[in-house]
Amino acid sequence: MSRNKAAIGVLLAAVFIVFRAVPGHDFINFDDNSYVSENHYVRNGLTAESFRAAFTETFNGHWHPFTMLSYMLDTTVFGPGPGGYHFTNLLLHAANTLVLLFLLHNITGAFWPSYLVASLFALHPAHVEPVAWIASRKDLLSTLFFLLTMQAHAAYARNPKRATYAIASVCLVLGLLSKAMLVTVPAVLLLMDYWPLRRIDFASEVRWRTAAKLVSEKWLYFVIAIAFSSVTVFTQSHAGTMTSFEDLPLSARLFNAMRAYGDYLRIAVWPAGLAPFYPHSGRVESLMTILPAISTLALITAVSILLARRAPFLIVGWLFFLGTLLPVSGLMQAGIQSYADRYTYVPFIGLFIIGAWGARDVAYRWKFGARVVTSASAAVLVLCAVLSDQQTNYWKDDIALFEHTLGVTEKNHVAHMILGNAYSKTGRIDEAIVQFRAGIAIGPLDADLHTGLAIALGVTSNLPASRKEYLEALRINPGHVIANTNVGALLDMQGDHTEAVSFFERALEVRPDFVPALNGLGFSLSELGRHAEAEDVLNRGLTIDPAHSNLHKSLGLVYARTGRDAEANAAFHRALNLNPDDPDTLNSLGVLAAHASHMDEAIGYFERAVAIDPEHAAAANLEQARRDTVPEAVPK
């Protein structure tokens, strides 16, 4: 027993050593933004409003309220920085590793094969993605409840009690509230009944009667799974993330599914070239390209059936792998990925069971089997740890991750887009433009790429080319939120506030809570003299994001233009507290101070603004103030 405890300690230590860098990583601008870093519900922490939103709204077309609540709780406990979310992911992975080990040991009585499965689960490089990617929290959280459901079912199988059945049902519901991928759980529990619980013997004369009883026993689990499946299809279809059969025919889906299964097997054995996104070809290629995958799947299936009685772990592990991958195989396509490393988090358990119990059989049957198996297992685990440590480092930020992605994938327009955005954010504009153009060459109908290029061109002051790219993005996707918002901002700069309003309103039709569009609309309405409407819009934005400095600044302008200088002064100070280096806010405060005859104070504000931006309009106001001349009546 003490040896087992020591082994468990070594495994936990290995998990925290391999993933030690994860809590120091940044957000990844690939769903982390929409789920966490730019999600105002999450940024506000766990409140009554955010709790309601978790259950009543979808995020990126997905409804997983328990996952969203976990993010909100992280914000409340750790704050809005990335470290807390990453740390929770790491803790959940460690917890899943332990629960898996205890579950397998409990239902099989075999510690060392269970330990090998848990170790492979903990350290396999394909499982870096769920741990290192904040947006993959749903995989970690749903897996925890999946394993607890299995544990509760094992307890029920040994001693059928309503309380145990209820616990299993609650765990299943919580898992599905974390991610809908768990709809295959009832089938997994039936596999458990065959092995290792051995509740059915297919050699028995009453095997079909027993099988029917075991199926009917799980009626509530099936009802729960069907209900959540229906909700998932409805929400994803309503959000537009579910690909139609017109856009992606069944033949292309089947082709991709077979190839994906082959890729998953390859990754399990040889986890090289891992990336966060593998593009979907969207077409049926030569049958020869998937013939190896089909042949391998057919061969393993045939062998599993032939050896089902002698080695039941083989058929159970194989069907576990095939079945738990089915919801994300692409037959019901959501998104544009071909397959994903994070999808292996649960299914690979089946393959690990085959490997671990197969190794145990080898150890028992061969004279030197135990030594060979022990040495080989240790070597495999060390190799997995080394590769996972390396893979973890790629996830430190957008640039490291997507430069790596472009090195291991082909024709990946999504990787070009995210890398272009990362370069733009860090001021590497020329490199960003190169990435956006490369992405457009691969995916010319991607509105996000055209929008990213437009933003980068705008930074270079090439406004005609920037506007052209925005309009191309809107031609592809008339409801593109960022493109509409930014075109509205360009029109504001040109003084066409009436037209700007229509673009902001179009953005808000798609995302009513998009704060930049609310700010732009409020500013445009104020410029048009519609101050009451502007005030309402800006206050609506502040209920969503009270810490948005531009909203306070725009509201200050509304107050100043309606003669409410005291309120304007307070609003500008709130903006300045949130963004101390904004020359516009400093200039506005200077104008208000000058009109209150506080010229020394006004000069101080103007000087700070000019120090930040020598070309700012504050320079002219500074000269006026130094001549004791009051600048224009309303700040701009």
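Annotations for the structure displayed:
- Volume in Å³ per residue [convex hull over Cα atoms, computed for region 390-481]: 90 Å³
- Shown in residue order for region 38-44 are the 3J(HN,Hα) couplings computed by the Karplus curve 6.51 cos²θ - 1.76 cosθ + 1.60 at θ = phi - 60°: 10, 9, 5, 5, 5, 5, 7 Hz (x for Gly and Pro).
- Linear extension gain, M493 paired with V170, 0.36 nm per residue minus alpha-carbon span: 110.8 nm
- Under 23 Å of direct C-alpha separation, and excluding same-chain neighbours fewer than eight residues apart, K468 reaches these lysines: K425.
- Calculated FRET efficiency for the pair E505/D565, C-beta based, R₀ 30 Å, to 0.05: 0.50
- Site pair V386 and I612 shows an inter-label distance of 5.2 nm when each label is modelled 7 Å from Cα along Cα→Cβ.
- Under 22 Å from the Cα of K138 - lysines, other chains or at least 8 residues apart: K179, K396
- Per-residue SASA entry for V510, accessible area with 1.4 Å probe, Å² rounded to 10: 80 Å²
- The chain, relative contact order [Cα under 8 Å, separation at least 6], %: 10 percent
- Here the sum of -39500 (n - 2.57) over DSSP H runs of 4 or more residues, divided by the residues of the chain, equals -23000 deg cm²/dmol at 222 nm, to the nearest 500.
- Overall, the accessible surface of the chain at a probe of 1.4 angstrom is composed of carbon and sulfur to the extent of 62 percent.
- Within straight-line cross-link reach of K218, aspartates and glutamates at Cα separation under 13 Å, skipping those fewer than 8 residues along the same chain: D193
- Estimated dipole of the chain in Debye, rounded to 20 [Cβ of Lys and Arg +1, of Asp and Glu -1, Cα centre]: 4160 debye
- Counting charges near R310 (Lys, Arg +1; Asp, Glu -1) among other residues having Cβ under 15 Å from its Cβ returns a value of +2.
- Stretch gain in nm, segment A48-F87, where the contour uses 0.36 nm per residue and the Cα spacing is subtracted: 11.6 nm
- Rounded tilt (10° steps) of 531-544 against the dominant C-alpha axis of the chain: 30 degrees
- Averaged over its residues, region 458-600 has an accessible area of 43 Å² per residue, based on protein heavy atoms and a 1.4 Å probe.
- Per-residue SASA entry for F523, accessible area with 1.4 Å probe, Å² rounded to 10: 60 Å²
- Reciprocal of mean inverse Cα separation for region 481-605 (Kirkwood radius, Å): 14.6 Å
- Whole-Å distance, taken between Cα centres, linking region 155-206 and region 1-48: 29 Å
- Cα gyration tensor shape of region 534-589, rounded if a/c is under 1.5, else prolate or oblate by comparing a/b with b/c: oblate
- Sequence ranges 361-369, 126-134, ranked by mean other-Cβ count within 10 angstrom, highest first: 126-134, 361-369
- 19 Å reach of a label modelled at S375, 7 Å along Cα-to-Cβ, counting backbone N of region 332-361: 359-361
- Shape of region 285-423, Cα gyration tensor, a/c cut at 1.5: oblate
- Within region 20-108, the trypsin sites (Lys or Arg not before Pro) that combine a DSSP coil assignment with at most 13 other C-beta atoms in a 10 angstrom radius are R20.
- Positive dipole terminus of region 71-229, leading residue within Q151, M181, G84 (C-beta point charges): Q151
- Computed from the C-beta positions of T56 and N33 and an R0 of 22 Å, the FRET efficiency is 0.55 to the nearest 0.05.
- Sites Y364 and I17 - FRET efficiency at Förster radius 25 Å, r taken between beta-carbons, to 0.05: 0.20
The values are calculated or read from the model by the stated rules, or taken from the named source; none is laboratory data. These numbers were taken from a predicted model, which means no experiment stands behind them. Neighbour counts are summed over all protein chains in view; Cβ atoms, including those assigned to glycine, are modelled from backbone coordinates with ideal geometry. Just the protein is used for accessible areas: all its heavy atoms, side chains included, with ligands, DNA and RNA removed. Shrake-Rupley method; radii C 1.70, N 1.55, O 1.52, S 1.80 Å.
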